[in-house]
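The values are calculated or read from the model by the stated rules, or taken from the named source; none is laboratory data. Quick caveat, the model's predicted, so the values are computed rather than measured. Cβ: placed from backbone, ideal geometry, glycine included. Neighbour counts: every protein chain shown. The protein model used for the area step is the full one, side chains on, heavy atoms only, and it has no ligands, DNA or RNA in it. Shrake-Rupley method; radii C 1.70, N 1.55, O 1.52, S 1.80 Å.
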Amino acid sequence: MAKNKYDFTVDQLGPCKIKSPIQLSTVFGDACANYVRDDSFVRNRINVFSKDEENSIDETNLLQKAGPREFIYFDPKKVKAGICTCGGLCPGLNDVIRAVVRCLWNRYGVRDIVGFRYGYRGLFSDSEFPPMPLNPDIVDEIHKIGGSFLGTSRGGGDRLPTDGVDTIEKLGINMMFVIGGDGTQHGASTLADAVKARGLECAVVGIPKTVDNDFLLIDRSFGFETAVQQAKEAIASMHMEARSQPNCISIVKLMGRESGFIATSAALASHETNFCLIPEVPFEMEGPNGFLENLERRLKEHHHALVVVAEGAGQELLEVSGDKDASGNIKLADIGVYLRDEIKKYFASKNIIIDLKYCDPSYQIRSAVTIASDSVYCERLGNNAVHAAMAGKTKTVVGLVHDKFVYIPTSMAIASRNFVDPEGALWRDALDATGQPNLMVNDVEKAKKKMRERSGR
């Protein structure tokens, strides 16, 4: 199996010479919490696929562990920190904002913190929303509500090297916390380069946010487990609808533009999904092994069916305009509506009476309050982002790798996306849970070739 080569060296603004105000231990085994050293690492590759395979211990495989350092770069009394949330909504945004503010204020004694409203737009001089002063009293309760306390928006990255840096220089911002997805972190990397080119010292630290869980390298994105829980509840309701009426088919469309992690995990969690359609696995509508005939067989045997589909599934079956949204994402055709209409036409042509229900709970899921596991994760992500910035680390994101918090260079985190592996254990277990065929296609070799091309194999 081919191995990707990475460079996990984290950019550093300069040497850390200031003693941290956080009182921790440097001795292991004394039952006191410890500082983390820069020479503490986590391996990226831990799976061994053959006895002869080398599992290297160098910058291509070692990720720097996150956490508070004994010596830091910035004097907390001189820090002015900025926070913004960008892109679509995701459970946990407020938890992260709260964690960053509280760690800066309570652990480091930073007293100058501002939130930029409505994404990158809040950084621009023509924004109608001025920066919002933040402190623990303001943010202490925001984790109890969904959405983003600071507001969010898409786009604006093209103005960061000019207007964005102007604002950072004017306000004296020397650490910027950027909470957002792939496009947002591309913008954060551009911002860090522009700040450096202007001769300013500002640590730019990203907290990766994608409800689709498609960030490269990271175990999971914050909000993902909440999204799966919310999706499971929607599936349970739609399953009850399907079970309660003869020949009833329920369709639930979930998020997942390019990666089907939510749909796959929700199908596993629900135990009630009969078909799970994701972007990584092509399917055909017609033919003896196509989706429609498999659906008909299911209906004849059980008199009901539940279909879960990720929004990016089956795009090759649809007419896609090629237009992009403000974040630069290709606008998808609506696979949910397409499935609904094609199913109706198919069964009508066979004079089979069906009852079809359709549900898209995406916005309800995105705006949900976090479940406990995500709330814990968000708190720890926010804390570790602050520790990174205080130690002068920049152009980096914080994430969980093999259940350890690490710092990943932004360029590595956004190099490509993470996908459900059609040959992996997660999808195999999803097939077991749904009982659907491995591939709902008539030309298996063609489908396999397409999947290999997508995964880069």
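Points to keep in mind about this one:
- Of the numbered criteria (1) assigned to a loop (DSSP other than H, G, I, E, B); (2) touching an Asp or Glu at 6+ places or on another chain (Cβ under 7 Å); (3) modelled with pLDDT of 95 or more, the one Ala99 fails is (1).
- For segment 322-374, a residue qualifies if it is small (Gly, Ala, Ser), surrounded by fewer than 19 Cβ atoms within 10 Å (Cβ to Cβ), out of contact with any Leu (no Cβ under 8 Å at 6 or more places or on another chain) and at pLDDT below 95, and the qualifying residues are Gly322, Ala326, Gly328.
- Search result, residues across segment 69-120 that are open to solvent by 10 Å² or more (accessible area, probe 1.4 Å), closer than 24 Å to Ile22 by Cα and of a type in the set (Gly, Ala, Ser): Gly109
- Within segment 125-143, being open to solvent by less than 80 Å² (accessible area, probe 1.4 Å), in contact with an Asp or Glu (Cβ under 7 Å, 6 or more places away or on another chain) and at pLDDT below 95 holds for no residue.
- Of the residues making up segment 299-321, those that are in a loop (DSSP other than H, G, I, E, B) and surrounded by 19 or more Cβ atoms within 10 Å (Cβ to Cβ) number 4.
- Among (1) open to solvent by less than 60 Å² (accessible area, probe 1.4 Å); (2) basic (Lys, Arg); (3) modelled with pLDDT under 95 - the single one Arg454 does not satisfy: (1)
- Any hit, segment 282-304, residues being touching a residue at least 40 places away in the same chain (Cβ under 8 Å) and within 24 Å of the chain's Cα centre (by Cα): yes
- Residue match in segment 265-277 (condition: closer than 17 Å to Trp427 by Cβ, under 18 Å from the mean Cα position of the chain (by Cα) and outside any helix (DSSP H, G or I)): no
- Residues in segment 403-430 that are open to solvent by 60 Å² or more (accessible area, probe 1.4 Å), under 15 Å from Ala267 (Cβ atoms) and without any contact (Cβ under 8 Å) to a residue 40 or more places away in the chain: Arg428 only.
- Segment 438-451, subset open to solvent by 60 Å² or more (accessible area, probe 1.4 Å) and either part of a loop (DSSP other than H, G, I, E, B) or among the small types (Gly, Ala, Ser) (or both), residue nearest to Leu292 (Cα to Cα): Asn442
- Complete set of residues in segment 193-212 that are in a helix (DSSP H, G or I) and surrounded by 24 or more Cβ atoms within 10 Å (Cβ to Cβ): Val195
- Leu268 being at positive phi, in contact with a helix residue (DSSP H, G or I) (Cβ under 9 Å, 6 or more places away or on another chain) and open to solvent by 10 Å² or more (accessible area, probe 1.4 Å): no
- So Val406, is it touching an Asp or Glu at 6+ places or on another chain (Cβ under 9 Å), at pLDDT 95 or above and farther than 25 Å from Ile145 by Cα: no
- Out of Ile22, Ile83, sole residue that is under 30 Å from Ile138 (Cβ atoms), modelled with pLDDT of 95 or more, outside any loop (DSSP other than H, G, I, E, B) and not small (Gly, Ala, Ser): Ile83
- Considering segment 163-192, and only residues there that are in contact with a Lys or Arg (Cβ under 6 Å, 6 or more places away or on another chain) and either without any contact (Cβ under 8 Å) to a residue 40 or more places away in the chain or among the aliphatic types (A, V, I, L, M) (or both), the residue that is surrounded by the most Cβ atoms within 10 Å (Cβ to Cβ) turns out to be Ile179.
- Test: residue in segment 144-155 that is in contact (Cβ under 8 Å) with a residue 24 or more places away in the chain, open to solvent by 10 Å² or more (accessible area, probe 1.4 Å) and aliphatic (A, V, I, L, M): yes
- For segment 291-298, the criterion of being open to solvent by 20 Å² or more (accessible area, probe 1.4 Å) and either assigned to a strand (DSSP E or B) or aromatic (Phe, Trp, Tyr) (or both) is met by none of the residues.
- Unique match (being touching a Gly at 6+ places or on another chain (Cβ under 7 Å) and among the aliphatic types (A, V, I, L, M)) among Leu216, Leu191: Leu191
- For Lys393, the conditions (1) surrounded by 22 or more Cβ atoms within 10 Å (Cβ to Cβ); (2) under 30 Å from Leu277 (Cβ atoms) are fulfilled apart from (2).
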